[in-house]
Amino acid sequence: MKVSEMEMISPTSVHECLHALTDQQKSSRLIAGGTDAVVRMKDRNWMPDIWINIKGLKELRYIREDASGLHIGPLTTHTDIVKSELLQSKADVLTFAAKEVGATQMQNMGTLGGNLGTASPAGDTIPALYVLDAHIQLSSLHQIRSVPIKDFFIGPGKTVIKPDEMISDIVIRPQEKNEIGIFEKLGPRKAQSISIVNFTASLKIKAQTRQCIGGKLAFGSVAPTIIRAKKCESMLLLDPLDEHMIQNIAKVAWKEVAPISDIRASANYRKDMASALLERGLYRLMKRWENK
Amino acid sequence: MKNIRFHVNGKESNVQCPPAKTLLDVLREDLELIGSKECCGKGECGSCSVMIGDEVICSCLVLAGQIENETIITVEGVGLRENMDIVQEAFINEGATQCGYCTPGIIVAAKSFLNSIEHVPTTDEVKTALGGNLCRCTGYQKIIKAVQTAAKIQNPFYAVK
């Protein structure tokens with residue numbers, strides 16, 4: 001297959017798109033923002049017979065709230081997320097993470113659904129979706145199923161999405177009034193870089209104190225998929241989060257992450273940095289809490 | 001081959017091309033708008049920046065089949081020699097260009113950014129807005145200064161933050 005021979009269809013509804021995905025005569029792939037798909041096409045890794053262009057599917061670009069939680073359409077761009085007042089107040093971690101994805105151009109193009117489908121262990125928005133207990137809705141012509149984010153990824157670049165399925169909704173829980181989040185990222189430069197390690201936290205804290213009464217911590221880029229730091233999470237509840245306590249949790253984080261060495265950093269460096277980002281992140285989070 | 005209709009710099013364009021050809025190649029090869037440049041080809045450098053609607057994007061990562069009915073502005077649409085934009089004049093006056101390869105992309109990104117704000121941006125704001133545009137020769141001081149100068153000229157009553 002040559003790039004010049006590839007076809008493209010642009011379905012005008014989700015239903016039409018699912019029909020196209022079901023047709024297995026020719027190989028096909030979805031394309032939305034293109035920040036990943038086109039790069040892979042240029043590398044000759046993704047060479048479908050047909051591109052199914054869903055960029056214009058307005059019905060999958062929304063941010064709204066109902067009784068079941070906050071709903072984000074898979075075609076919502078990072079810029080949409082950063083600008084959303086609803087998410088700023090009820091899912092602050094996700095807006096912080098979206099702000100650190102690439103730079104202006106990538107935030108304007110890249111979509112949340114694309115970030116999930118690409119399934120990079122370094123994807124910046126994914127740890128935020130972990131701490132917000134995201135459920136990914138997958139639709140095919142025959143069924144709609146909801147997959148908790150912890151079961152969604154199988155490995156680097158791999159998800160449970162079947163060939164005839166597409167992401168049709170992303171549901172997260174709204175943060176509570178006493179809940180506050182933070183996103184920390186380490187990359188070679190500020191803009192446009194892929195995370196060497198990233199860290200996300202969302203903690204519930206008892207009013208007027210530094211006592212955490214429930215919290216979730218997630219690391220990116222330190223394992224084949226995003227991981228929750230469960231041991232660190234259980235430590236959060238033991239004592240008020242003072243300097244000493246935060247340092248102790250950071251030491252446990254060093255042991256809890258399981259990174260590999262690759263082109264971007266060595267495993268040991270990643271462990272040190274996971275620990276450092278947790279420490280810095282929790283300091284900053286508590287500082288914001290006190291000033292709130 | 002596909003017939004693709006869209007608007008570029010205020011004019012309607014009809015192009016016959018493979019749908020998986022990049023927008024950048026369509027602009028340069030089919031429409032002879034050679035201001036936008038290819039450099040990294042993977043969305044890291046910003047040399048190919050153009051606006052779709054009012055948002056700046058990398059035209060090297062958009063496929064021709066995706067731009068049907070879209071409105072696109074390239075650096076030629078921001079301004080040419082005879083009708084130069086304030087941003088372009090500011091870049092000349094501040095000496096914010098050296099080899100010039102990254103300049104068209106930076107002009108488009110700066111224009112889109114200035115359209116979206118109503119004050120003279122701080123250095124940090126300019127750095128964030130232009131974070132996706134690399135320049136390998138001048139250093140960024142003069143570029144940042146030029147964007148701030150353009151904002152001041154654009155509206156002398158803008159608040160300096």
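The values are calculated or read from the model by the stated rules, or taken from the named source; none is laboratory data. On a predicted model such as this, the values are computed, not experimentally measured, just so you know. A quick note on method: Cβ atoms are made from the backbone with ideal geometry, for glycine too, and the neighbour counts reach across all protein chains shown.
Only one entry of A:I154, A:I63, A:I144 meets the criterion of being among the aliphatic types (A, V, I, L, M), under 22 Å from B:V56 (Cβ atoms) and surrounded by fewer than 22 Cβ atoms within 10 Å (Cβ to Cβ), and that entry is A:I63. Taking A:K2 as the residue in question, decide whether it is surrounded by fewer than 18 Cβ atoms within 10 Å (Cβ to Cβ), within 14 Å of another protein chain (Cβ to nearest Cβ) and closer than 20 Å to A:N115 by Cα. Criteria not met by A:K2. Of all residues in segment B:20-57, those that are among the basic types (K, R) and at the interface with chain A (Cβ under 10 Å from one of its Cβ atoms) total 2.
Residues in segment A:71-121 that are within 25 Å of B:G105 (Cα to Cα) and charged (D, E, K, R): A:D80, A:K83, A:K99, A:E100.
Among the residues of segment B:122-142, those identified as in contact with a helix residue (DSSP H, G or I) (Cβ under 6 Å, 6 or more places away or on another chain) and within 14 Å of another protein chain (Cβ to nearest Cβ) are B:T123, B:V126, B:A129, B:L130, B:G132, B:N133. The set of residues in segment A:29-52 being touching a helix residue (DSSP H, G or I) at 6+ places or on another chain (Cβ under 8 Å) and at positive phi consists of A:G34 alone. When B:I92, B:I73, B:I86, B:I57 are checked against the criterion of being without any contact (Cβ under 8 Å) to a residue 24 or more places away in the chain and surrounded by fewer than 23 Cβ atoms within 10 Å (Cβ to Cβ), a single residue qualifies: B:I92. Residues of segment B:60-79 that are touching a Lys or Arg at 6+ places or on another chain (Cβ under 9 Å) and polar (S, T, N, Q): B:Q66, B:N69. Residues of segment B:136-156 that are within 17 Å of the chain's Cα centre (by Cα) and either β-branched (V, I, T) or assigned to a helix (DSSP H, G or I) (or both): B:I143, B:I144, B:A146, B:V147, B:Q148, B:A150, B:A151. Those helices (runs of 4 or more DSSP H) of segment A:1-87 in which at least 3 residues are modelled with pLDDT of 95 or more and under 30 Å from B:C40 (Cβ atoms), considering only elements entirely within it, cover A:37-42, A:78-83. Scanning segment A:77-93 for residues that are in contact with a strand residue (DSSP E or B) (Cβ under 7 Å, 6 or more places away or on another chain) and touching a residue at least 40 places away in the same chain (Cβ under 8 Å), which turns out surrounded by the most Cβ atoms within 10 Å (Cβ to Cβ)? This residue is A:A91.
A count restricted to segment A:124-160 and to residues that are within 12 Å of the chain's Cα centre (by Cα), assigned to a loop (DSSP other than H, G, I, E, B) and more than 26 Å from A:H15 (Cα to Cα) stands at 4.
Residue-by-condition table, conditions (1) modelled with pLDDT of 95 or more; (2) assigned by TED's automatic domain parsing to the domain that holds A:L285; (3) not hydrophobic (A, V, I, L, M, F, W, C):
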| residue | (1), (2), (3) |
| --- | --- |
| A:I161 | yes, no, no |
| A:R189 | no, yes, yes |
| A:N198 | no, yes, yes |
| A:I226 | no, yes, no |
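If the condition is being over 17 Å from the mean Cα position of the chain (by Cα) and within 19 Å of B:T97 (Cα to Cα), then segment B:107-135 contributes only B:T123. Within segment B:98-120, being surrounded by 21 or more Cβ atoms within 10 Å (Cβ to Cβ) and either polar (S, T, N, Q) or closer than 13 Å to B:C137 by Cα (or both) holds for B:C102, B:T103, B:S112. Please state which of the following conditions A:G110 fails to meet, knowing it meets all the rest: (1) of a type outside the set (F, W, Y); (2) within 14 Å of chain B (Cβ to nearest Cβ); (3) crowded, with 21+ Cβ neighbours inside 10 Å; (4) out of contact with any His (no Cβ under 7 Å at 6 or more places or on another chain). For A:G110, the exception is condition (4). Close Cβ contacts (under 7 Å, 6 or more residues apart or on different chains) running from residues in segment A:245-270 that are assigned by TED's automatic domain parsing to the domain that holds A:K230 and without any contact (Cβ under 8 Å) to a residue 60 or more places away in the chain to residues that are assigned to a loop (DSSP other than H, G, I, E, B) and loosely packed, with under 15 Cβ neighbours inside 10 Å comprise A:M245/A:D239; A:A267/A:I260; A:A267/A:S261.
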